[in-house]
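First up is the structure itself, then whatever we jot down about it.
Read the figures in this text as sums done on the coordinates, not as results from a lab. As the structure is a prediction and not an experimental result, all values here were calculated from the model. Cβ: placed from backbone, ideal geometry, glycine included. Neighbour counts: every protein chain shown.
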Amino acid sequence: MTGLWAAGIGAAVLLGVLSRMGERSGSGHAEESPPSPESVDELLRAGRKIDAIKVYRRLHGVDLKSAKDAIDARAGQLRP
C-alpha cells in the first residue's frame with residue numbers, strides 16, 4: 001500500500017516539474033516586453049479584467065486581493 005502512495009506522489013511531483021518546465025520555456029518566440037501601466041488600462045477597456053489583474057501583480061509585486069482591489073478601483077475611474 002505504501003508503494004502505491006509513493007508512486008502516486010512521485011508521479012504528481014514529476015507532472016509538476018514537467019508543467020513548470022513548459023511554463024519557463026515559453027513558445028520559442030522572442031521574449032515579451034515587460035508589462036506597462038498602460039497595458040492594464042488597455043486590458044480593462046477590452047473587458048479583460050483577469051488579465052489586467054495578472055499584469056498589475058507582475059508590475060507591482062502585490063498579492064491577489066490587493067491587485068483585484070486596485071483593478072476594481074481603476075475600472076471605476078475608466079468608466080464614463
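Whole-Hz ³J(HN,Hα) for each residue in segment 45-56, computed from phi via Karplus 6.51 cos²θ - 1.76 cosθ + 1.60 with θ = phi - 60°, x for glycine and proline: what do you get?
Values per residue, Gly and Pro as x: 5, 7, x, 9, 4, 5, 5, 4, 4, 4, 5, 4 Hz.
Using the Cα centre of segment 34-80 as the reference point, and only Cβ charges (+1 on K/R, -1 on D/E), how large is the resulting charge dipole? Debye, rounded to the nearest 20.
Value, rounded to 20: 140 debye.
Given the peptides 62-74, 4-16, 45-57, arrange them by the average over their residues of other C-beta atoms within 10 Å, most packed first.
45-57, 62-74, 4-16
Just grab the label-to-label distance for I9 and R48, each label 7 Å out from Cα along the Cβ direction, in nm (one decimal).
4.1
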